[in-house]
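The values are calculated or read from the model by the stated rules, or taken from the named source; none is laboratory data. Values in this document were obtained by computation on a predicted structure and should not be read as measured data. All Cβ positions, glycine included, derive from the backbone under ideal geometry; neighbour counts span all protein chains shown.
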Amino acid sequence: MTLKYLIQKEFLQIRRNPFLPRLIVVFPIMVMCVMPWVMNMEVKNIKVAVVDNDRSTLSQRLVHSIEASNYFIFMGQKATYQAALQEIEKTKTDVVVVIPQDYSRDINKGQLPQVLIAANAVNGTKGSMGSAYLNQIVTAHVNPDVTAMQSRLSTLFLYNKHLNFKLFMIPALFALVMMLMTGFLPTLNIVGEKEAGTIEQINVTPVSKWSFILAKLIPYWIIAVFVITVCLFLAWAVYGITSAGPLALVYLLAMLLALFWSSFGLIISNYSDTMQQAIFVMWFFVVMMMLLSGLFTPTRSMPAWAYATTYVNPMSYFIEAVRTVFIRGGGISSIWHQLLALLGIGLLMGGWAVHSYKKNH
């Protein structure tokens, strides 16, 4: 019965705060409506300049193919390679294509002309991908036999046949929203009561530590259900993307992640004396866990020592499991080890949250 009134108190505090109810509603909407458009690893709008030393029909055909590509922004033709290189140095151009003087003659003789592709590789991904795109176009013009052979190859893309990057990022955004909503809000809870002085009123009551911490955790689990529901609805309404697997598993994973983050937030709050201290400590762990989770880049691309951190990172387990369910349509047999890992880490953090709360009479 005591737990019921403590939970009611928490909801009254949230409702009376002029900012939190708006944040709980607006934040997931903004993330789901904006982030899938900008968190895109596909390289586009590469600025390309061409130096055509041949000035023939065949060389101009290659130039027009580059100009017509959707991946490039054609910056025109330059007189010399040095002039084009200066454009790269001024960051006005990303890639320069130099067509040799005997380009058409070599093709007519059945020889392979040497076309130079010079890319600005300050951004390694942009430089390598832009060079790869151009290499395909140049190869198609220089060596039609290779193009004919490639046309006989068939590729089958599994689970994401249209290579839609939003389908890959939306499940990861669930983790981002859950982390920020169920992590930072509990972090500011107890330490906020410490600064306000209201924590002393609880400390002199016979309320047990378990009841007090549960009353702090349960409201954020309910918020987690609301937030994941909003995210799933917007994924369907805005992008037409729905889960290929059972929605019940998505909710279960979200609740287990919420158990970890809300418990972790209360742990930080228990050890902090001011809200500023709590925010900085929480932000440190949030950034580390997010960057090492596979949210943006594959975890297998990390060094071995960094990859070892994924074994204790609940974000990594959640992202891998929710993508398995949401994109591949996996069942509980496909993610049982992630479920057990999230449950174990969540219970450990929950027990720590109770133990770390010092109730002084």
Checklist entry - Can you name the number of the only condition in (1) touching a Phe, Trp or Tyr at 6+ places or on another chain (Cβ under 9 Å); (2) surrounded by fewer than 17 Cβ atoms within 10 Å (Cβ to Cβ) that residue 208 fails? => result (1)
Checklist outcome for this item: Of the residues in segment 136-158 that are part of a helix (DSSP H, G or I) and modelled with pLDDT of 75 or more, the one that is nearest to the chain's Cα centre (by Cα) is 136
Checklist entry - Taking the stated definitions as given, is residue 122 of a type outside the set (Lys, Arg) and either crowded, with 17+ Cβ neighbours inside 10 Å or in contact with a Cys (Cβ under 7 Å, 6 or more places away or on another chain) (or both)? => result no
Next on the checklist: Residues that are touching a helix residue (DSSP H, G or I) at 6+ places or on another chain (Cβ under 6 Å), buried (at least 17 other Cβ atoms within 10 Å of the Cβ) and acidic (Asp, Glu): does segment 76-91 have at least one?
Outcome noted: no
Item to check | Count of residues meeting criterion [over 23 Å from the mean Cα position of the chain (by Cα) and farther than 13 Å from residue 264 by Cα] in segment 177-196 | outcome: 6
Next on the checklist: Considering only residues that are in contact with a helix residue (DSSP H, G or I) (Cβ under 8 Å, 6 or more places away or on another chain), charged (D, E, K, R) and surrounded by fewer than 16 Cβ atoms within 10 Å (Cβ to Cβ), which ones fall in segment 1-54?
Outcome noted: 9, 15, 42
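Do you know which of the residues in segment 28-82 that are among the charged types (D, E, K, R) and in a strand (DSSP E or B) is nearest to residue 111 (Cα to Cα)?
Start the filter on segment 28-82 by keeping residues that are among the charged types (D, E, K, R), which leaves 42, 44, 47, 52, 54-55, 61, 67, 78.
If we keep only those that are in a strand (DSSP E or B) too, we end up with 47, 52.
On the way: 47: 29, 52: 18 Å.
In this case the residue turns out to be 52.
State all residues of segment 226-241 that are surrounded by fewer than 16 Cβ atoms within 10 Å (Cβ to Cβ) and at negative phi; if no residue qualifies, say none. Write out each step before concluding.
Filtering segment 226-241 down to residues surrounded by fewer than 16 Cβ atoms within 10 Å (Cβ to Cβ) leaves 226, 229, 233, 236-238, 240.
Hits for segment 226-241 are 226, 229, 233, 236, 237, 238.
Could you run through segment 284-326 and say how many residues are surrounded by 13 or more Cβ atoms within 10 Å (Cβ to Cβ) and either free of Cβ contacts under 8 Å to residues at least 24 places away in the same chain or not assigned by TED's automatic domain parsing to the domain that holds residue 341 (or both)? Write out each step before concluding.
In the first step, residues of segment 284-326 are kept if they are surrounded by 13 or more Cβ atoms within 10 Å (Cβ to Cβ); the result is 285-286, 288-295, 299, 302, 307, 309-310, 313-326.
Keeping just the survivors that are either free of Cβ contacts under 8 Å to residues at least 24 places away in the same chain or not assigned by TED's automatic domain parsing to the domain that holds residue 341 (or both) gives 285, 288, 291, 299, 302, 307, 309-310.
Final tally of qualifying residues: 8.
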Next on the checklist: Could you list, ordered by first residue, the pairs with Cβ atoms under 6 Å in which the first is in segment 331-356 and of a type in the set (Phe, Trp, Tyr) and the second is buried (at least 19 other Cβ atoms within 10 Å of the Cβ), at least 6 apart or interchain?
Outcome noted: 352/267
Checklist outcome for this item: Flagged in segment 328-356 as part of a helix (DSSP H, G or I), closer than 16 Å to residue 318 by Cα and out of contact with any Phe, Trp or Tyr (no Cβ under 8 Å at 6 or more places or on another chain), in numbering order, are 332, 333, 334, 335, 336, 337, 339, 340, 343, 344, 347
